[in-house]
Each structure stands twice: as structure tokens, then as C-alpha cells.
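Q: Please read through the structure below; I'll follow up with questions.
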Ligand code: SAM
């Protein structure tokens, strides 16, 4: 998996990619992360990358350095081709709070491409013509505003890297993660079996595989109903799941 990231602050990424899973994936050759300083593509002598907006307001990133950078990294032909057709070869992602919300399904989609490029905005954002000329996806990581697209880019690198085959030693962990199957994940426990008077549920200690699986499924359903009931509309639910959810709803009706 290859990531190209266009940023005014490449130094921000150093610590995040120098440790843990992303670092191991880079060292193993499963992932490459290439940082490109947008300032290097400014053509004036002071390497200016932002300017005052037409119509007034805060500073806006100029279109030319960003477009030159994308074309240099991906090749102008590819960039033009994927804007002219609907056939995306390398997603060119603009990080923006005005974009579509990033989801686990999108992480899978990006992993399948094998190569993505991300553009990190700063200031009030980016000249709209960058969208028209090179961008294929506008993505937000949440309904809040950060000062730059660097942390959103790190979020996407981390989420996609976990999905690259071989990166996570324990594939089961990935399969059961929250959002992997449309439910939040069940709670985890490890030793000691009792801590400050709180005991690990007996079923988990029993080692009875089928009962453990059923309990975990029910805990996942309970959490999702309590915290993210919207997710249940699209989750794949068995008749047993539906019966369990109905019993939970019955419990809450009785306590009302
Ligand atoms: N004026 C912009 C707006 O209201 O949509 C916000 C600009 S923000 C201060 C600067 C940059 O941070 C954006 O261009 C974008 O790259 C990044 N950014 C901020 N919040 C983000 C979010 N929730 N998701 C993705 N990128 C974000």
C-alpha cells in the first residue's frame, strides 16, 4: 500500500509513523508513506502557498502549488484521465470538514486501490479549483474543525494500514473490530479475573467457546443499541440477534 501526502508541515508526521504498527508495516515493506512539501512546488521566489481570498476572509491555499505537486507525484496524464472519466486509479483525497464522513467501509475501499494521495489543507482551506482539477474524493474525519489536514491524513493512514494483508498478526482482531460488521465491538477482559471487586463474567472464564461467542455477540448488540442505534439499520442480524434486541427493548420499556 502506498500513501502520498501533500502537506505544508511534513515534520508533524515524524513521531506518528516512527512507532508501532505503521512503522512495522513500513519496515516490512507492506506500506510506504511519502511526504511532499507543498511549499517546494511554489514557483515564486518566496515560495508563497497562500493568499487573501476574493470576496474577503481568512487566507486560502493557492491552487497552483497543489496542482503541480499532485501532477508531479502521480503524472499529469493519470490525473487528467481520472477527472475526465469515472474510472479512479489512485484516489486523490482532499481532507476537509465539508467532505463525506470517513468510515471503515471507505478504509477498505482505499486499501483495495493500493495507492492513495491525500492533500492536507491549512488556513481557511484550499482554492476550489484544486477540487475541479485533481481531487476525486473529499473526506472529513468528523463533525469538528481542526487546524489542518495532517491529523486526518494520519487517521486514514492508520485505519487503512491495519487492513493491509499481513500487517496485523492476529487477523481475528481485525475481523471483530468495531464497525467491521456494522456493530460496535464487545467489551474485552484479561487477567486478573477479579480487580477491585469487579469480576470477569463467568461465561468468559468458563472457556465454553459457543457460549463465549454468543455472549460477545449479545454485548456487541447491546452496546450498539445503547450508543449507536443508527448502525443497527444496516447491520447483518440473525433471527437470534433480532430476538435479543427485542428482549433488550422489552427491558427498557418495562423500566420506563
Ligand atoms: N474553513 C474550513 C471549513 O469551514 O470547512 C475549515 C478549514 S480548517 C481550519 C483547515 C484545514 O484543516 C482544512 O482545509 C482541512 O484540510 C483540515 N481539516 C479540518 N477539520 C477537518 C476534518 N474534520 N476532517 C478533515 N480535514 C479537516
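Q: Can you pull out the residues in the range 159-185 that are surrounded by fewer than 16 Cβ atoms within 10 Å (Cβ to Cβ) and either more than 29 Å from residue 227 (Cα to Cα) or within 16 Å of the ligand (Cβ to nearest atom) (or both)?
A: If the condition is that a residue be surrounded by fewer than 16 Cβ atoms within 10 Å (Cβ to Cβ) and either more than 29 Å from residue 227 (Cα to Cα) or within 16 Å of the ligand (Cβ to nearest atom) (or both), then 165, 166, 169 are the ones that fit.
Q: Could you list all residues from the range 198-234 that are over 17 Å from residue 187 (Cβ atoms) and surrounded by fewer than 15 Cβ atoms within 10 Å (Cβ to Cβ)?
A: Within the range 198-234, 207, 208, 209, 210, 229, 230, 233, 234 qualify.
Here, each number is a calculation from the coordinates, and none is a lab measurement. All of these numbers come straight from a predicted model, not from anything done at the bench. We place every Cβ from the backbone using ideal geometry, glycine too, and count neighbours over all the protein chains shown.
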